Every structure is written in C-alpha cells, then in structure tokens.
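Data block below; observations after.
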Amino acid sequence: MVKFTFLSVALVYLATSVNGVTYTVEVGKGGANVYSPDNFDANVGDTVVFRFVDGTHDVIQSDEANSCAKSAKPDAFTTEVMTGSQNASPEAPWSLDTVGPRYYFCNFATHCSVGKMYGTINVLEEGKTPKVPGVIQPDSPVKQPGTPADDSPNVPKSSSTNPSTPTDTGKSAPKSAASVNKPIPVAIVGSAMMSLAGYVLVNL
Ligand SMILES: [Cu+2]
C-alpha cells in the first residue's frame, strides 16, 4: 500500500515532467526593472526559466502578490544576484511542481520597494488550459494533453514521419507510421491513469 502510493507519486512526477513545457521570463528586459511577462498561467509540471537579459537582478519567492518580503517557506525559490546582457544571459529554472500561485520579486537595490519589480505565475492543474498565456521556449516539447482536450492544435499527425524504412518493401507495413507513434501516447495515457489512481489512494 505504502509502496504503491510511493510508486504512484513517482509516476505522477514522470507523467507531469513528460508533459511539461518550458516558459521564459526575461529579467531586466530593455534595461528596465521588469520581469517580462510578469503574469501568466502555467500547468503543474511546467518549468519557468528566468533569463537575465539586462541589468542586475535576482528572483526571490514571496508569499503574497506584489510583496517585497521573502517567502517563509523553507524551500522558497531564490536565485543569486545576476548581471546579464543580450549576449550573455544567465538562466535560472524554477520547476512548477505543485498547483497554486507563485509570487516573486527582485531583491536587488530598491527594484521592488521603489520599482515594483515583481511577478506572478498561476500554476493550474494538469490539463487545464491557461487563460493568460506565457512565452513558451521555442525548443520546448509540445504540450501533450492527458485527455483529448480542446486545446491541442499541435498534436502531430505525422503521416510524414517515415523512420527511414525502405520504401519499396510494399504492403507489408501499411500502418507502420501508426505503430511507430503508438508507444508514446500509450505510455502517457498509462502514466496518467496510474497518476489518477495514485491521487485517489493518497487522498483516501
Ligand atoms: Cu531587479
């Protein structure tokens, strides 16, 4: 029972990390004391990467919106003070592994108290469609809907994904593309179902 719960938690993590996309927040964009964008929705399992593109800043988690006080949580997210430019932009990733809002601010100089340099990320449940879109990194994996949701314009149809099979071997494998693509969705659906079972068990 305990073992199974533990396994399920691991599977939840696996499922969410498979589905997660990566968002970018540019820190100090245009030389201003800003996070860009400073407010958007994400899903649990996603990651936000802060890119320090200009000036000197940090990112410190807080417990309230528009706050300049560090979060009381022992595992509060913090970065070092970093100086960036367009040519050399240090990055700091933040894994969004629980549902709920994330508040953060810049603790450098008076950027928060005077410059009101803070932001919010609303972390939604898996599968919920973000209403306030963020900036998804170009190389981020496509968001795989756990259920046949309405927000999946990018589901690869991939009839063209021909894995270099000899073309003239004819009709032995008319469904090769379909069978090649099958394992991934099956794995995702499988983990999602295990995740559901895990949640139910954990919440008993
Ligand atoms: Cu700052």
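Whether a residue is modelled with pLDDT of 95 or more, of a type outside the set (A, V, I, L, M, F, W, C) and either within 16 Å of the ligand (Cβ to nearest atom) or within 20 Å of the chain's Cα centre (by Cα) (or both) was assessed, and TYR13 does not pass this test. If the condition is being free of Cβ contacts under 8 Å to residues at least 24 places away in the same chain and either more than 19 Å from GLY20 (Cβ to Cβ) or more than 23 Å from the chain's Cα centre (by Cα) (or both), then the stretch 84-108 contributes ASN87, ALA88.
Note on the stretch 105-120: residues that are at negative phi and either in a loop (DSSP other than H, G, I, E, B) or not assigned by TED's automatic domain parsing to the domain that holds SER67 (or both) amount to 10. Residues in the stretch 25-59 that are crowded, with 20+ Cβ neighbours inside 10 Å, assigned to a strand (DSSP E or B) and more than 16 Å from the ligand (Cβ to nearest atom): ALA42, ASN43, VAL48.
What are the residues in the stretch 60-82 that are in contact with a His (Cβ under 8 Å, 6 or more places away or on another chain) and part of a strand (DSSP E or B), if any?
Within the stretch 60-82, just MET82 meets the criteria.
Applying the criterion of being within 14 Å of the ligand (Cβ to nearest atom) and aliphatic (A, V, I, L, M) to the residues of the stretch 89-137, the residue that is surrounded by the most Cβ atoms within 10 Å (Cβ to Cβ) is MET117.
Annotation note: of PRO138, PRO133, the sole residue that is touching a strand residue (DSSP E or B) at 6+ places or on another chain (Cβ under 7 Å), closer than 20 Å to ARG51 by Cβ and part of a loop (DSSP other than H, G, I, E, B) is PRO133.
Does any residue of the stretch 60-70 turn out to be within 16 Å of the ligand (Cβ to nearest atom), closer than 22 Å to GLN137 by Cβ and not aliphatic (A, V, I, L, M)? Quick ask: steps written out before the conclusion?
In the first step, residues of the stretch 60-70 are kept if they are within 16 Å of the ligand (Cβ to nearest atom); the result is 60-62, 66-70.
Imposing the further condition that a residue be closer than 22 Å to GLN137 by Cβ reduces the set to 61.
Still in the list and also not aliphatic (A, V, I, L, M): 61.
Checking the stretch 60-70: at least one residue is within 16 Å of the ligand (Cβ to nearest atom), closer than 22 Å to GLN137 by Cβ and not aliphatic (A, V, I, L, M).
The values are calculated or read from the model by the stated rules, or taken from the named source; none is laboratory data. None of these values were measured; they are calculated from a predicted model. Please note: Cβ atoms are built from the backbone with ideal geometry, for glycine as well, and neighbour counts cover all protein chains shown.
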